[in-house]
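**Q** Below is the structure I would like to discuss, written out as structure tokens.
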There are 2 protein chains.
Amino acid sequence: MAADETAPAPRGKVTITEIARRAGVSVPTVSRVVNGRSDVSPATRARVEDLLRLHGYRKRSAALPSRAALLDLVFNDLDSPWAVEIIRGVEEAAHAAGAGTVVSAIHGRSGDAGEWMRNLRARASDGVILVTSALEPPLHEQLRILGVPLVVVDPMGSPAFDTPTIGAANWSGGLAATEHLLSLGHRRIGLIAGPPRLLCSRARFDGYRAALEAAGVAIDASLVVPGDFHPESGFTGCNTLLDLPEPPTALFAASDQMALGAIEALRRRGLRVPEDMSVVGFDDLPEVRWSAPPLTTIRQPLADMGQLAVRTVLRLARGERPDSPRVELGTELVVRASTAPPAPVL
Amino acid sequence: MAADETAPAPRGKVTITEIARRAGVSVPTVSRVVNGRSDVSPATRARVEDLLRLHGYRKRSAALPSRAALLDLVFNDLDSPWAVEIIRGVEEAAHAAGAGTVVSAIHGRSGDAGEWMRNLRARASDGVILVTSALEPPLHEQLRILGVPLVVVDPMGSPAFDTPTIGAANWSGGLAATEHLLSLGHRRIGLIAGPPRLLCSRARFDGYRAALEAAGVAIDASLVVPGDFHPESGFTGCNTLLDLPEPPTALFAASDQMALGAIEALRRRGLRVPEDMSVVGFDDLPEVRWSAPPLTTIRQPLADMGQLAVRTVLRLARGERPDSPRVELGTELVVRASTAPPAPVL
DNA sequence: CTGAAAGCGCTTACAG
DNA sequence: CTGAAAGCGCTTACAG
């Protein structure tokens, strides 16, 4: 029995000659579409793009027969200390698969995004891993056309696209952090929240609320202050809580960095952790094992998330479906020295 | 006047056809040398390799006419918190030059190094930046043959090769840290040193010694304890110093991480920083602004070092000579809250 | 807007 | 160990 003529060729193995034959156009025309030139009729372009996508076309060359695979890992900014954790996981898994990891930051500047896209195309990247990043919808679309698979780590919102996402169990983490403080006997528990536009912030907040509700503790809106995950906001947030007529006896910071900022605010006032205030963070950055005192926090498996992201893009690149389009990796309470029962009321 | 036939063509623009003509061999032969095949006579190979190097040959293709530049940034391990600082500087400068940054870790495993070399070749990297990394001499040689420029950041020792290196003013930093403590009135100053096989450790140690000598303070060998830059070694090193019959009143840790470990050792004994012990670190990692207390330290311009490394490889890639083969960027004392005059003797 | 033709840089059998 | 020949995937004028 002859091979099915209409079946897609193996991913990444198809040539423009093959695509041209199937589309019923010439090789130069396909070349023009691939290179994004303007002198192609919309109808032809659409037909060719469909075929390109269907067959997972990747630009190759007789000269460079087996180009090493390249994965793009894209951050908004590289100043976040958990970036290195994700890089570590991604590099490890990519290396194991024989792929190189191209790290970049787009700095939120949308002008950069277009340039980044050109670079991506020029280096013929085999897959893109986006971290908490708002890559605009038109760029998603361009990646689709180029046939470059995409996965999002720590999604900002629920992507409207058929893009796999990998996150952490943020709600469970918020719940566990708050339950831990409740179990120590705290009833007035402050929250320094993350930016509400981020999905992970809302989930952590809801976990906090759910734990309080389950314990029958009324939610006091004045105990919830906004933050942006950076230490400065933890510092000011903690000061706001301490200036309350009736301050909390414990606080949950939605990031380790904010927890560190909060501890500094306490130290400046001569308050001790955990004797005067218990603090729990979120992330378990390597450095908080060595903060003073060592921080009780919610461990987020950043390196594992990076590894899973690599396996998922690679799967996509081979034309396979991911196991699941939305994955949440488990979080875990790590108890160290920054939490204790509340001081007895004298 | 005709163009000089023997002059090298512009870097990166030469083809194997051109090299073949100059070497007086056929195009396939050059192709074999470029791809490291074994079936070429040593004499022919040597002649072709010389020409390849001289002209800065880079593999290209008619199909991929202007491949995006790619720079390889190589760490021993990605677990160091200052890795992200260097990545940030490198990514920024590389991005500005339109190049992608491939980050990898070779984990000291020498088996990995060979594989990494193959990947580097396959992805046709345009330059390599090595960070505190022992890339074995044979690999240096391979890079030379491939014509891939190399620069070393924070060199482990004095490289025996004609490789540009970029470091920090470690000796001056060690001097400044110690002078700061002396100026506060400390006379018994402990040192938690870095691994002596590293150039930077020895320079920091010598700076410490020079400052003490200049102040007429005798060096007490029992006040110098070994460390490996990680927090654990700062923790145990500090305990060793505290168990001395006459402990120091201040200590200089040759890395921020060791300083954090030392502070934790002090905290566990109920000793306060800086009241009972002054501590100064080295690096100025972003996180130590938020340690408890905020750490006095020596700022090492890691991101700037990364940026300079990029400019230097790129220069090399264009066939230009670097401004200077050995560069040391300035370090700077940053005074925060972990240092104070010694407690008055009662 | 499209294709036939020429050409690019490189590689792979093949023959010696 | 080496080269003449054929071929690869892709692109670039050029003509219509």
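The values are calculated or read from the model by the stated rules, or taken from the named source; none is laboratory data. Source: prediction; values computed, not measured. Ideal geometry is used to build each Cβ from the backbone, glycine not excepted, and the neighbour counts take in all protein chains shown. These area figures cover heavy atoms from the full protein model, side chains too; ligands, DNA and RNA do not enter into them. Shrake-Rupley method; radii C 1.70, N 1.55, O 1.52, S 1.80 Å.
**Q** Please tell me the relative contact order of the stretch B:16-55 in percent, rounded to the nearest whole number, where contacts are Cα pairs under 8 Å and at least six residues apart.
**A** Numbers: 27 pairs, mean separation 15.9, N = 40.
Once divided by the residue count of the stretch B:16-55, the mean separation gives 40 percent.
**Q** While we're looking at this one, here's another question. Considering only C-alpha atoms, what is the centroid distance from the stretch B:138-216 to the stretch B:285-346, in Å?
**A** 12 Å
**Q** Which of the listed residues, A:S201, A:P341, A:V40, is farthest toward the dipole's positive end in the protein assembly as shown, when Lys, Arg count +1 and Asp, Glu count -1 at the beta-carbon?
**A** Sorting the options by dipole projection puts first A:V40.
**Q** Let me ask another. Got a sec? Which residues of the stretch B:225-271 lose 50 Å² or more of accessible surface with every protein chain in place, vs. that chain alone, 1.4 Å probe?
**A** B:E264, B:R267
**Q** Also, I was wondering about something else. What size of dipole, in debye to the nearest 20, comes out for chain A about its Cα centre when the only charges are +1 on Lys and Arg C-beta atoms and -1 on Asp and Glu C-beta atoms? Intermediate values should be presented prior to the final figure.
**A** Values: 37 positive and 39 negative charges, 276 e Å.
Using only the charged Cβ atoms, the result is roughly 1320 debye.
**Q** In debye, nearest 20, what is the charge dipole magnitude of the protein assembly as shown about its Cα centre with +1 on Lys and Arg Cβ and -1 on Asp and Glu Cβ, if you could check? Show your work: numbers first, answer last.
**A** Working: 74 positive and 78 negative charges, 550 e Å.
Computed charge dipole of the protein assembly as shown: roughly 2640 debye.
**Q** Taking each label point as 7 Å beyond Cα in the direction of the beta carbon, state the distances from B:P325 to the same residue in the other copies, shortest first, in nm.
**A** Distances between equivalent label points, in nm: 5.9.
**Q** Given only helices, namely DSSP H runs of n ≥ 4 each adding -39500 (n - 2.57), what is the per-residue ellipticity at 222 nm of chain A, to the nearest 500 deg cm²/dmol?
**A** -12500 deg cm²/dmol
**Q** Now for a different question. What FRET efficiency comes out for the pair B:L244/B:A46, r = Cβ-Cβ distance, R0 = 56 Å, nearest 0.05?
**A** Numbers: r = 61 Å, r/R0 = 1.09.
That pair, B:L244 with B:A46, gives E of 0.40.
**Q** What Kirkwood radius, in Å to one decimal, follows from the Cα pairs of chain A?
**A** Computed over chain A, the radius equals 22.3 Å.
**Q** Give me a single rounded figure for A:94-102: the average over its residues of other chain Cβ atoms within 10 Å of their Cβ.
**A** The shielding value for this peptide is 5.
**Q** Could you give, in nm with one decimal, how far B:E213 is from each other copy of that position, shortest first, with labels 7 Å out from Cα toward Cβ?
**A** B:E213 label point versus its equivalents elsewhere: 7.0 nm.
**Q** With all pairs of different alpha carbon atoms counted, what Kirkwood hydrodynamic radius in Å does the stretch B:16-55 show?
**A** Final number for the Kirkwood radius of the stretch B:16-55 is 9.6 Å.
**Q** Lys/Arg Cβ at +1, Asp/Glu Cβ at -1, dipole of the protein assembly as shown taken about the Cα centre: which of A:T297, B:A309, B:W82 is farthest positive-ward?
**A** B:A309
**Q** At q = 0.05, 0.08 Å⁻¹, what is the base-10 log of I(q)/I(0) for the protein assembly as shown according to the Debye formula with one equal point scatterer per Cα and no solvent? Please give it to two decimals.
**A** -0.29, -0.71
**Q** Something else now. Tell me, what is the percent relative contact order of chain A, built from C-alpha pairs under 8 Å that lie six or more residues apart?
**A** For chain A, the relative contact order is 17 percent.
**Q** Ok, one more. To the nearest 0.05, what FRET efficiency results for A:A218 and B:L271 with a Förster distance of 41 Å applied to their C-beta separation?
**A** 0.50
**Q** Output the relative contact order of the stretch B:170-301, whole-number percent, from Cα pairs under 8 angstrom with separation of 6+ residues.
**A** Dividing the mean separation by the residue count of the stretch B:170-301 yields 25 percent.
**Q** Could you pull out which residues in the stretch A:140-172 have an amide N less than 12 Å from a spot 7 Å beyond the Cα of A:R326, following the Cα-Cβ vector?
**A** Of the residues in the stretch A:140-172, A:155, A:157-161, A:163-167 have backbone N under 12 Å from the label point off A:R326.
**Q** Which whole number of Å³ per residue matches the convex hull of the alpha-carbon atoms in the stretch A:83-203?
**A** About 132 Å³ per residue, rounded to a whole number.
**Q** Let me ask something additional. Summing Lys, Arg as +1 and Asp, Glu as -1, what charge do residues with Cβ under 11 Å from the Cβ of B:T163 carry, B:T163 excluded?
**A** Counting the neighbours of B:T163, the net charge comes to +1.
**Q** What does the charge add up to near A:D256, with Lys and Arg as +1, Asp and Glu as -1, over the other residues with Cβ less than 12 Å from its Cβ?
**A** That sum, taken over residues with Cβ under 12 Å, equals -2.
**Q** Shifting gears a bit: Compute log10 of I(q)/I(0) for the stretch A:170-300 with the Debye formula, placing one identical point scatterer on every Cα and leaving out solvent, at q = 0.13, 0.18, 0.20 Å⁻¹, to two decimals.
**A** -0.43, -0.87, -1.11
**Q** Using r as the Cβ-Cβ distance of B:E115 and B:D162, and R0 as 22 Å, what FRET efficiency do you calculate, to the nearest 0.05?
**A** On the way: r = 26 Å, r/R0 = 1.18.
Step by step, r from the Cβ atoms, then E = 0.25.
**Q** Can you list the distances in nanometres, one decimal and ascending, from the A:G114 label point to the identical position in each other copy, with the point 7 Å along Cα to Cβ?
**A** Nearest to farthest, the other copies are at 4.8 nm.
**Q** Could you compute the net charge surrounding B:E246? Neighbours are other residues with a C-beta less than 14 Å from the C-beta of B:E246; K and R count +1, D and E count -1.
**A** Numbers: positive: B:R187, B:R188; negative: B:D220, B:D243.
Taking every Cβ under 14 Å from that of B:E246, the sum is 0.
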